[in-house]
Amino acid sequence: MDPILSTEEKQTASANSSEQKPGKGRPRRRRRSRKPRDGGNNWTPQSFDVAIAEGKRRFHDFGLPDVLMRAIADLKFEYCTPIQAATIPHALNGRDLIGKAQTGTGKTAAFLIGIITDLLDFPLPGERRKNEPRALIIAPTRELALQIASDAEGLSAHADLSVVSLVGGMDYERQRKALAAKPVDILVATPGRLIDFVRSKEVDLYQVEVLVLDEADRMLSMGFIPDVRTIIRQTPRKGADRQTLLYSATFTDDVMRLAEQWTQDPVTIEIESEHKTTDNVAQKVFLVSSNEKYQLLRNYLRINGIERAIVFGNRRHETRALADRLSKDGIKAALMSGEIPQNKRLRTLEDFRNGKIEVLVATDVAGRGIHIDGVTHVINYQLPEDADDYVHRIGRTGRAGATGTSICFACEDDSFLIPDIEKETGVKLECIHPDAELVKPLDAAAKAAKGKAADKASEQELEATEQAGDSFDEAVIEAEQKSSDSVQPTEAAATEETGEEEQVAAATSIGEAKASELLQSAPEAVADSGEAVAAPAEDTVSDEAAPVEMLAQSDERALEPAPAQVAEAKSNDDADTAADADKAEAAEVVSVSAPAADSAEQAEQAEQAEQAEQAEQAEQAEQAEQAEQAETTENKVS
């Protein structure tokens, strides 16, 4: 391991190298002497006490700037991870480096600590152009780039350094303004968006001092290497003018060829446990049938009270359906796939980080961009078709020394993939059958509650139907009786009886129509209760036209009086007073509205009484409905 050079030695080596290998025809910027280190607000590294532990390395041991140590203390970093302990000394000495480490091992903090220390120790003299970053970090995905930028802001929280991110799928103009607002110290970007800014000459990379290529193997597999080559050509020459740090999860021949092109005399660091998967993650497989997978997932999440988990599926439409179903079952779940707009994906990740979302349902492509600490469980709802994807999936948990759990649901459709996963990871997976409680049917209680509600609704519907029929029968019978009693054996009365029979027939017809309407609207009566009876007439009528007009008004003017009835009513103007009274009484009985008053005042009183009764019935029905809904909700929750 190279010794950590002193400030004077670093400056001398940098000056000598610059004289031998000038970069791109432009003079290498001369650095000032080391800037005094101050944590600010009287903070001292002594206030950040971390005990010396055998076999572990503290951040105190590197002689980092106080402002950086204060940020490390804020983030509660105490001891270095293996990749940090192995790479930070070389980064501080200005060496090019090739690091092999899985995701979640702390490599992001490793290269950021080196960058921030370098920028703080050697500030640039004089004026700086705003679009000239001093450090450039290239990442393959938007989510990873934004996560790196967030980590950089956290580690430079007490330092006077600016961090800007340029990623696709977000507002180009806003990023341009951020780039032009003030001199940029650390620029984090994806290849495609950075190419756009380079070609438009809105960013100048000729002054980059440190270049980081994160997840180089992914950039290779995603076809970004041509863009990356174009970008690197815009930076100073490797070696004396540019420090290059390349990180990859694998060291394939292609990756090593790229490293040879872009680095000079690099230090190679390989941090890999005996297994490809971290030892901090417990792994097991549940053997289930395909139709038991969902109930196992839902029960497992609820019984274990899981608050931060990622569920992986193989297809977009399958993950979409799974996220929707979990949400309908009351689990705070959200979808994370390539089809989701970038702004929504960022909001979703932030909600997941803050605990507003408990479960992310993701595809492999989107899942690799999730770099959030504190994920306790990774659930492989479907086993990945590529064993390498399994390694990346479970890398979302057990990050930075934390523990995690990986669960696989293996059914008749994908259990044959288990041997490939075991071969890739070097781990023998524990395959077990889930407890009966985990696969119990989901809908037993829900079905019982739903059946009870349906029975109650049927009873109310039947009751409303019977009431409608009874009202019609009583009205017709009573009308016939009173009509018979009112007939007089005189010639004038006989003439009037004919008119009365026509009116009774009309009333009967209206009653039949009313009953039919009530029968048809009976289901609605369960909810609205009380609208089976029509509102009474609002206008007063003359004594002569009362029988016909009141019948029409009792049906909310839905039916107009027949011309024959109107003519008959007018032809009886000269009838004697007793016959008129009998005729009005018969019509009153036949009507399904409230009894008609002999005067406008009595009619209005009857109307008000009926409206009050209807309002009371509606209120009772609404209370019954609310009680039923509360009971249904309680059953679902239980």
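Every number here is computed from the coordinates shown, using simple stated rules; none is lab data. From a predicted model like this one, the values you see are computed outputs, not experimental measurements. A quick note on method: Cβ atoms are made from the backbone with ideal geometry, for glycine too, and the neighbour counts reach across all protein chains shown.
Ordered by the number of other Cβ atoms lying within 10 Å of each residue's own Cβ, fewest first, VAL198, VAL311, VAL167 fall into the sequence VAL198, VAL167, VAL311.
Take the cross-link list LYS76/LYS107; LYS328/LYS356; LYS293/LYS423; LYS107/LYS428 and give me the ones stretching past 18 Å between alpha-carbons. Provide the component values of the computation, followed by the final result.
On the way: LYS76/LYS107 16 Å; LYS328/LYS356 16 Å; LYS293/LYS423 25 Å; LYS107/LYS428 27 Å.
Violating the 18 Å limit, Cα to Cα: LYS293/LYS423; LYS107/LYS428.
Take every pair of alpha-carbon atoms less than 8 Å apart whose residues are at least six positions apart; their mean separation over the length of the stretch 281-441 yields a relative contact order of 37 percent. Shown for SER415, SER406: other C-beta atoms within 10 Å of each C-beta, ranked fewest to most, produce the order SER415, SER406.
So, R0 is 25 Å and r is the distance between the beta-carbons of GLU412 and ASP386; what FRET efficiency does that work out to, to 0.05? Before the final figure, lay out the partial values.
Details: r = 20 Å, r/R0 = 0.81.
In this case the efficiency is close to 0.80.
Here the label points at ARG316 and SER47, each 7 Å from Cα along the C-beta direction, are separated by 5.1 nm in the simple model. In this rough spin-label picture, where each label sits 7 Å from Cα along the Cβ direction, the VAL365-LYS56 distance is 4.1 nm. Counting neighbouring Cβ atoms within 10 Å and putting the fewest first, the residues CYS408, CYS431, CYS80 line up as CYS431, CYS80, CYS408.
Just subtract the alpha-carbon distance of ARG129 and ARG237 from 0.36 nm times their residue separation and send over the number in nm, one decimal. Provide the component values of the computation, followed by the final result.
Working: separation 108, 0.36 × 108 = 38.88 nm, distance 2.01 nm.
Gain on extension, ARG129 to ARG237, equals 36.9 nm.
The slack in the chain from TYR206 to ASP160, taken as 0.36 nm per residue of separation less the alpha-carbon distance, amounts to 14.3 nm.
Taking label points 7 Å from Cα along the Cα-to-Cβ direction, GLN608 and LYS344 give a separation of 5.7 nm. The 3J(HN,Hα) values that the Karplus relation (6.51, -1.76, 1.60; θ = phi - 60°) gives for the stretch 113-127 are, in residue order, 4, x, 5, 4, 4, 4, 5, 6, 6, 10, x, 8, x, x, 6 Hz. Gly and Pro appear as x.
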